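The values are calculated or read from the model by the stated rules, or taken from the named source; none is laboratory data. The model shown is predicted, which means the values in this text are computed figures rather than measured ones. No Cβ is skipped: glycine too gets one built from the backbone with ideal geometry, and neighbour counts run over all protein chains shown.
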Amino acid sequence: MATTVTETVPPHATNGVAAANGSPVVAKLQAAAAAAAAPTVHATTVSNIVVPAVHGAADAAADIPYTTFHLAGCSFVHPEGRPSNIRQCCAPKPAPTPGAPPKEQLIRLYHSEPSHFSYNRGCDVIRESRYSTAKGWHAPAADDLVADDVAPGSAIASMGWWSAPEVYETRVYYIDKNGYLRERWNRTSFKPEVHDTFDTALPAPSKLVPPHPGWSQTTLRHYGTYPANDADHSFVEVKPSAGSKIAAVRSEDGSLSVYYQTDDNAVCRLLTDTTGRWNGSVYNVLGSTQAKKGSPLTVVTGGWNEMRLFYVTPKETLAGTCLYDAGQWTPSTPTVSMPAYKLLPSAMLSAVAWNYASAFFEIRIFSTDDKNDLYEYHFDRHNGGWAPAPVNINKAPTPALSPASGTRMPLSAVVAVIVDDEWKTKVFFHPRRTIAEWDVCSKSTAFNGIPKVSAGAAARRQIEEETRAKIKAEQGKKTHDADEAKKKHDADEAKKKHDADEAKKKHDADEAKKKHDADEAKKHHPLPHKVVSTYLPRLPAPPPPFGAFLD
């Protein structure tokens, strides 16, 4: 039996932040939070402050679908930089080592689209695009395909970290064609030269080795079971709801978390230990009435394993819940409660944060509207908490790329990344399938198309197609040979049956002839009507003469 663990919430905590006394806004927030606080509350208290819906018409139909073109991403620097958490970022920045190579900024961006391959028709695929300071935007030299078994319209999530010296590991999560939550992984080694796990030569088509395109896929084990040993990193077999979004994050202690929505709209969490082994439990984070069906999910972590999950309520408002190092989800204090930010029905979310566990803690949540304008929801602990309204940080320069305001078209996917050492935020979104990039420093958006296919990837796809063709031809030959063998076997069996039938017919004819001859013989040699027996019974010997006894 599977174990389901509910992470309940204790009475609301102060989070170490003093309220701004005398502020009527804060007083309203405090009153709302105090009224909503209870030992089993999971979600962030949403205040009763009315905020204008800057995202567009608030009465948009609730059944507008979410986008089916999703984005995920991660960013890092090489050589390994300082993570954007309070332990490092509050310390003095060390002076550069003389002669050390300059740090290179790297971004990994993952995007989904329908497959155009014949072998997996009806599925989506996930592709990878990369950015480096040296090369700019480019497709991975060896291969750009991450997964080829993706359910149509599946959400995607990713995380990455330095898993070993000079080795950066990336995980990507999605829902596969059978409805299971899946994990794929890749490791990029930077010494002695840059290469990836998938960067190996494919067997020649003549080897007839079935191709398995994409990154390495983690095997599944049954829900409710636990790792067999220390080396067992298999993934838990769970089925999210149709349309569930996914969020993934790695905490400072090395544990991994993946969030998804179930059929009853509850939000659950899968968790590893600090060595990366997935345990068999599923943790309930939100109840079935707190998040909208298909709600976008985004999560940030830091500050000694502090974690914040943001989502959309059934009333189309932004909400969140917090997990502190003690291991329980708690409601926010009044000073960090969110105003009732209104969202369009299909608005997606992505969050970044820095300066965890300090007075300068900041969060940015990004979304788009129906004109592909980019909006920022801003939390700054040092300056009073959440801003009263989102800010339009980007005016789309080409309105022709966007649907008309008020249409029922889904809004763009969005993903934000923050670069270690620089704390520079970049936001990527889809203005009608062209991936756009917004930079916090330049305050501008680049609408350049991001390359999706490399020559190496094209070569691998060609080898895979040739291999599939040869395997199909070989299977066709085997099928033909098997059919011919079956035909011969059936013919032999038919001949045997025919011979047996003929032999039986001959035997039956012979037996019939014998019977006929016997009947004819009886007709020509009849027995007499009255048979007189000539047999005489043997009489006993006569007794000896009387005088014989006297002798």
query: Can you name the number of the only condition in (1) at pLDDT 95 or above; (2) within 15 Å of the chain's Cα centre (by Cα) that Asp263 fails?
result: (2)
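Taking the conditions exactly as written (in the same structural domain as Glu316 (by TED's automatic domain parsing), modelled with pLDDT under 90, on the phi > 0 side of the Ramachandran plot and part of a loop (DSSP other than H, G, I, E, B)), does Arg408 satisfy them or not? It would help to see each step written out before you state the result.
On the way: in the same structural domain as Glu316 (by TED's automatic domain parsing): yes; modelled with pLDDT under 90: yes; on the phi > 0 side of the Ramachandran plot: no; part of a loop (DSSP other than H, G, I, E, B): yes.
So Arg408 does not fit the description; no.
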message: Where the second residue is surrounded by fewer than 19 Cβ atoms within 10 Å (Cβ to Cβ) and part of a loop (DSSP other than H, G, I, E, B) and the first is in contact (Cβ under 8 Å) with a residue 60 or more places away in the chain and lies in the stretch 278-302, which pairs have Cβ atoms under 6 Å and are six or more apart or on separate chains?
response: Gly280/Gly224; Gly280/Thr225; Gly280/Tyr226; Ser281/Thr3; Tyr283/Glu7; Gly294/Gly243
field: Scan of the stretch 167-177 for residues that are free of Cβ contacts under 8 Å to residues at least 60 places away in the same chain and either in a loop (DSSP other than H, G, I, E, B) or farther than 30 Å from Ala242 by Cα (or both), ordered by number
entry: Val167, Lys177
message: I'm told Val150 meets every condition in (1) in contact (Cβ under 8 Å) with a residue 60 or more places away in the chain; (2) crowded, with 22+ Cβ neighbours inside 10 Å; (3) of a type outside the set (D, E, K, R) except one. Can you identify the failing condition by its number?
response: (1)
- line: Expected single match for in the same structural domain as Ser75 (by TED's automatic domain parsing) and either small (Gly, Ala, Ser) or more than 17 Å from Gln217 (Cβ to Cβ) (or both) among Arg184, Arg121, Arg127 is Arg121
- prompt: Can you name every residue in the stretch 250-259 that is over 11 Å from Leu286 (Cβ atoms) and crowded, with 21+ Cβ neighbours inside 10 Å?
  reply: Leu256, Ser257, Val258
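Matching residues to (1) assigned to a strand (DSSP E or B); (2) in contact (Cβ under 8 Å) with a residue 24 or more places away in the chain; (3) not charged (D, E, K, R):
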{"residue": "Arg184", "(1), (2), (3)": "yes, yes, no"}
{"residue": "Glu193", "(1), (2), (3)": "no, no, no"}
{"residue": "Ser206", "(1), (2), (3)": "no, yes, yes"}
{"residue": "Val209", "(1), (2), (3)": "no, yes, yes"}
{"residue": "Pro213", "(1), (2), (3)": "no, yes, yes"}
{"residue": "Asn229", "(1), (2), (3)": "no, no, yes"}
{"residue": "Asp232", "(1), (2), (3)": "no, yes, no"}
